[in-house]
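Here is the structure we will look at, set down as C-alpha cells.
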Amino acid sequence: MKVSLIGNVGKDPELKFIESRNGNFAVTKFSVAETERVKKGDEWIDGETHWYYVSVTGRLAETLIDSIAKGTRVKVEGELKHLEYEKDGETKSGL
C-alpha cells in the first residue's frame, strides 16, 4: 500500500552498507513521528502521535544522511509494510 506522511524525524538517521551479489548498497534508516491535529471548538490541539520506521536504499540513502537530522520536518512517500518483532520475550508489531 502506498502512503504519504508528513512528520518529524525522531532520531538522527543511520547509514549502513549491505553486501549483495552485485556489490554493496546503502541503506538509511530513521523514524518519523506524525501527530494528528484535532479541532475542538475554535482551537486546534495535538492528537495521537503515530511512529513510522523508514528505510531508504541506494543513492538516495547516501545523500539523505547529510540532509536530515533529529527534528527535521519531512514528507515521506512509499510503501507501508507491517512488521512483527520480538522484544524482551514479547511479540510486538509496528509500521
Quick one: grab the alpha carbon gyration tensor of the stretch 1-40, order the square roots of its eigenvalues as a ≥ b ≥ c, and give me rounded if a/c is under 1.5, else prolate or oblate depending on whether a/b is larger than b/c. oblate
In the chain, with Lys and Arg counted as +1 and Asp and Glu as -1 at Cβ, which of these residues, Leu83, His50, Asn22, has the Cα nearest the positive end of the dipole, that is, farthest along it? Asn22
Could you pull out the pairs from Lys39/Lys75; Lys40/Lys70; Lys11/Lys40; Lys2/Lys87; Lys11/Lys39; Lys39/Lys81 whose alpha carbons sit more than 26 Å apart here? Lys40/Lys70; Lys11/Lys40; Lys2/Lys87; Lys11/Lys39; Lys39/Lys81
Accessible area per residue in Å² at 1.4 Å probe, computed on the stretch 1-91: 80 Å²
Å³ per residue enclosed by the Cα convex hull of the chain: 146 Å³
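The values are calculated or read from the model by the stated rules, or taken from the named source; none is laboratory data. Everything quoted here is computed from the prediction, not taken from an experiment. Neighbour counts run over all protein chains shown; Cβ positions are idealised from the backbone, glycine included. Ligands, DNA and RNA are stripped out before the accessible areas are found, and what is left, the full protein with its side chains, is counted by its heavy atoms. Shrake-Rupley method; radii C 1.70, N 1.55, O 1.52, S 1.80 Å.
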